[in-house]
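Just so it is clear, none of the values below were taken in a lab; they were calculated from the coordinates. Nothing here was measured: the structure is a model prediction, and the numbers come from that model. Backbone-built Cβ (ideal geometry, glycine too); neighbour counts: all protein chains shown.
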Amino acid sequence: MNIIVLNSGSNGNAVYVESPVSGAAVLLDCGISCRQIELRLARHDRTPSGIHGIFITHEHADHVRGLPVMTKRNHIPTFLTDATWRRMHRNKPRFRHEFMGNTGTVRVADIEVRAIPKSHDAADPVSFLVTIQDVRFLYATDLGAYGSELTTIFADVDVALIESNYDEDMLTAGPYPPHLKHRIRSAHGHLSNLKAMELIGSHCNGRLRTLILGHLSANNNTPEVVLREFETAFASRSDLPPCVVVASRYDVGELISIQSSLS
Ligand SMILES: [Zn+2]
Ligand SMILES: [Zn+2]
């Protein structure tokens, strides 16, 4: 499985996931402009022509901003839940779409994408589990809280992108008004660095090979703070993944390749 994080953060999210067997790809979220997606894919010698489907986690702008232009220019179907589409449709976006349930599974080419319901302040938000051959990738951001279904899946994946949105002290001391701080901390908000480390520390079981920490806040977090928290929390753990990456809010990441044991 090849993964390119095109952008991750409260300013925009898009992740390209490709099958090395068929060359087919899917896009998870489309929260940066079509132009930026094309430019960032080109940095890795890819084009949108290989994308067979765009999967949307929820209707917030940082996950759908580029969708109308992206689908129109490249004729790619979009998969999303009925409630997410209805919420978006209030703004009259035009794009070719197909519904998937919030526990549904869709297969495009040799890529399987399964939706997992999640707790966030959106119409019907989901995380995604992407499977190609025997390689499993969990994409879970915008989590106010997480339940046993997510932790069970997390314990059985090869690669995961987990939200590490804010540092508690920075949020407390920062400029946001009280109602916004409350919303971010709530069960329908975002996962703090501390809660992300709890999820990882309690449920990582040795299968995980690459951990991507993402969806960082601009005002309440930095990559350095996230990495410091990770290193402090897991200094004595030898079973945690050898590869830890903090996804960028501003630029495309490196190509992450996860080998299948079948190939
Ligand atoms: Zn978001
Ligand atoms: Zn959101």
Report summary line: Phi angles of the stretch 16-21, converted by Karplus (6.51 cos²θ - 1.76 cosθ + 1.60, θ = phi - 60°) into ³J(HN,Hα) in whole Hz with x for Gly and Pro, give 9, 10, 10, 8, x, 7
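Fewest first, what order do Thr222, Thr71 take by the number of other Cβ atoms within 10 Å?
Values: Thr222 15, Thr71 21.
Result, fewest neighbours first: Thr222, Thr71.
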**Report entry** the chain: most fluctuating residue of Val21, Val69, Val245 per GNM, C-alpha cutoff 10 Å
**Finding:** Val21
**Report entry** More than 25 Å apart - percent of Cα-Cα pairs taken over the stretch 2-250
**Finding:** 39 percent
Requested in this report: Quick one: check the C-alpha center-to-center distance for the stretch 97-142 versus the stretch 13-50, whole angstrom.
Outcome: 17 Å
Requested in this report: Extending each Cα 7 Å along its Cβ direction at Arg209 and Ser261, get the distance between those two points in nm, one decimal.
Outcome: 1.1 nm
Requested in this report: Read phi for every residue in the stretch 31-48 and hand back ³J(HN,Hα) as whole Hz from Karplus 6.51 cos²θ - 1.76 cosθ + 1.60, θ = phi - 60°, with x for Gly and Pro.
Outcome: x, 10, 5, 4, 4, 5, 4, 5, 4, 6, 5, 4, 4, 10, 6, 10, 10, x
Query raised in the report: For the pair Ala155 and Asp134, how long in nm is the line joining their label points, each one 7 Å along Cα→Cβ?
Result: 2.0 nm
Query raised in the report: Taking trypsin sites (Lys or Arg not before Pro) as exposed when DSSP calls them loop (any state but H, G, I, E, B) and at most 16 other Cβ atoms lie within 10 Å, what is the longest stretch of the chain free of them, the sites themselves excluded?
Result: 97-206
Query - Local net charge near Ala24, Cβ-Cβ under 10 Å (Lys/Arg +1, Asp/Glu -1) - result: -2
Query - Amide H contacts of Ile212 (H built 1.01 Å from N, under 5 Å, at least 5 apart or other chain) - result: Ala160, Leu161, Ile162, Val245
**Report entry** the stretch 177-186 - phi-based ³J(HN,Hα) in whole Hz, Karplus 6.51/-1.76/1.60, Gly and Pro as x
**Finding:** x, x, 5, 6, 4, 5, 5, 5, 7, 6
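Is it possible to state the helix-based mean residue ellipticity at 222 nm for the chain, with each DSSP H run of 4+ residues giving -39500 (n - 2.57), the sum divided by total residues, to the nearest 500 deg cm²/dmol? What is it?
For the chain, the value works out to -7500 deg cm²/dmol.
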Query - Computed FRET value (nearest 0.05) for Ser202 with His182, which takes r as the C-beta separation and R₀ as 25 Å - result: 0.45
Requested in this report: Would you look at the GNM of the chain, springs on alpha carbons closer than 10 Å, and say which of Asp167, Asp45, Asp156 moves the most?
Outcome: Asp45
**Report entry** Most fluctuating residue given options Thr151, Thr78, Thr210, as computed from a GNM of the chain linking Cα atoms under 10 Å
**Finding:** Thr151
**Report entry** Cβ-based exposure ranking for Leu6, Leu216, in which fewest neighbours within 10 Å come first
**Finding:** Leu216, Leu6
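Taking the Cα centre as origin and putting +1 on Lys and Arg beta-carbons and -1 on Asp and Glu beta-carbons, what dipole magnitude results for the stretch 2-250, to the nearest 20 debye? Let's see the in-between values first.
Values: 26 positive and 26 negative charges, 194 e Å.
Using Cβ point charges on Lys, Arg, Asp and Glu, the stretch 2-250 gives about 940 debye.
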**Report entry** Amide H contacts of Ser119 (H built 1.01 Å from N, under 5 Å, at least 5 apart or other chain)
**Finding:** Gly144, Ala145
**Report entry** Separation in nanometres of the label points that stand 7 Å from Cα toward Cβ, at Tyr250 and Asp82
**Finding:** 4.4 nm
Query - Positive-end residue of Gln133, Leu67, Ala145, charge dipole of the chain with Cβ unit charges - result: Leu67
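What share of the DSSP beta bridges in the chain is antiparallel, in percent to the nearest 5?
Working: 28 of 51 bridges.
Close to 55 percent.
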